[in-house]
Amino acid sequence: MLIGVVLKSSGYRLLGRFYQADGLGPHPTLIMAHGIAGIELNLDLADVLRDVGWNVLSFHYRGCWGSEGPYRIATLVEDVQAAIQWALAQPTVDPHRLVLLGYSMGGWASVLAAIQDPRVYALITLSTVSDLRSWTPDDAMLVDWIRFMNGMTAEILREELRTQTARPQPVDGVDQLSPRPLLIMHGTADPVVHHRQSLALYHRAGLNAELALIDGGDHRYTGRRRVMIQRIQRWLETICRS
């Protein structure tokens with residue numbers, strides 16, 4: 001079953017989709033936090049996981065793709081936290097098997113959210129920005145992204161990214177997730193976020209962290225999505241056996 005959902009974050013309505021697994025449940029559940037612009041939602045992964053008994057929540061941050069409010073990098077973590085809260089309130093969600101998946105900048109926000117919330121059982125980072133201090137998107141990327149953001153210009157977005165370098169980054173605190181399971185995945189041909197970002201995250205992680213590099217994979221795993229999805233599915237089966 002696919003259900004349209006509305007959840008609240010600081011009073012703003014965030015829009016999303018809830019892929020509800022068949023059966024009474026409760027079911028293991030994956031929350032997917034998309035990237036900075038939200039063009040790639042990884043919904044093919046959601047379909048696969050629902051068919052094998054998982055709930056999947058995909059949502060849009062405030063200020064993009066119909067969600068209310070202004071888009072701000074500073075509030076991405078808060079919106080991920082709101083998605084966690086919404087999921088845990090659903091009777092079909094197993095609170096002991098709640099997993100976050102953060103893609104690109106969604107991975108940045110998801111690591112920071114999981115560090116703060118022990119209810120997150122496990123975490124997947126996919127093509128993730130782990131340190132804004134060493135990631136500088138070019139102007140063409142910024143211009144492309146802002147088309148999907150309320151109240152945003154390229155100048156404001158660049159300043160938002162610069163301002164957030166002052167806060168602790170995922171690489172600074174990822175060891176606090178240990179011993180919770182962590183899968184770090186990245187394509188070796190990613191032109192948007194270099195896989196060095198994930199290597200740095202892995203090298204700072206503690207116990208139960210796994211690194212999966214997809215040879216030749218770009219930022220969206222073009223031509224390698226089946227490999228990416230199967231790798232995630234196998235890992236989830238391993239860590240969340242009933």
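Annotations
- Taking first residues from segment 118-134 that are over 17 Å from Ala33 (Cα atoms) and partners that are small (Gly, Ala, Ser) and assigned to a loop (DSSP other than H, G, I, E, B), no Cβ contact under 9 Å between residues at least 6 apart in sequence or on separate chains turns up.
- Here is the figure for segment 77-107: residues that are among the aliphatic types (A, V, I, L, M), touching a residue at least 40 places away in the same chain (Cβ under 8 Å) and assigned to a helix (DSSP H, G or I) total 6.
- Count - residues of segment 61-79 that are touching a strand residue (DSSP E or B) at 6+ places or on another chain (Cβ under 6 Å) and either crowded, with 20+ Cβ neighbours inside 10 Å or among the basic types (Lys, Arg) (or both): 6
- Among the numbered conditions (1) surrounded by fewer than 17 Cβ atoms within 10 Å (Cβ to Cβ); (2) at negative phi, the only one that Ala82 does not meet is (1).
- Test: residue in segment 34-51 that is of a type in the set (Val, Ile, Thr), over 17 Å from Val77 (Cβ atoms), touching a helix residue (DSSP H, G or I) at 6+ places or on another chain (Cβ under 8 Å) and assigned to a strand (DSSP E or B): no
- Inspection of segment 167-175 finds no residue satisfying the criterion of being touching a helix residue (DSSP H, G or I) at 6+ places or on another chain (Cβ under 6 Å), crowded, with 20+ Cβ neighbours inside 10 Å and more than 11 Å from Val111 (Cβ to Cβ).
- Matching residues, segment 18-48, being among the charged types (D, E, K, R) and farther than 25 Å from Pro181 by Cα: Asp22
- If only residues of segment 121-150 that are over 29 Å from Val56 (Cβ atoms) and not acidic (Asp, Glu) are counted, the one that is surrounded by the most Cβ atoms within 10 Å (Cβ to Cβ) is Leu142.
- Subset of segment 65-76 (residues that are assigned to a helix (DSSP H, G or I) and among the hydrophobic types (A, V, I, L, M, F, W, C)): Ile73, Ala74, Leu76
- For segment 193-209, the tally of residues that are in contact with a helix residue (DSSP H, G or I) (Cβ under 7 Å, 6 or more places away or on another chain) and either modelled with pLDDT under 95 or within 25 Å of Asp47 (Cβ to Cβ) (or both) stands at 1.
- Residue list for segment 16-41, restricted to those being touching a residue at least 40 places away in the same chain (Cβ under 8 Å), surrounded by fewer than 23 Cβ atoms within 10 Å (Cβ to Cβ) and under 24 Å from Met141 (Cβ atoms): Ala37, Ile39, Glu40
- Enumeration of residues in segment 200-242 that are within 19 Å of the chain's Cα centre (by Cα), hydroxyl-bearing (Ser, Thr, Tyr) and part of a loop (DSSP other than H, G, I, E, B): Tyr221, Thr222
- Single residue of segment 122-152 satisfying the filter (part of a loop (DSSP other than H, G, I, E, B), among the hydroxyl-bearing types (Ser, Thr, Tyr) and at pLDDT 95 or above) that is nearest to Pro191 (Cα to Cα): Ser127
The values are calculated or read from the model by the stated rules, or taken from the named source; none is laboratory data. All of these numbers come straight from a predicted model, not from anything done at the bench. FYI the Cβ positions are ideal-geometry reconstructions off the backbone, even for glycines, and counts take in every protein chain you see.
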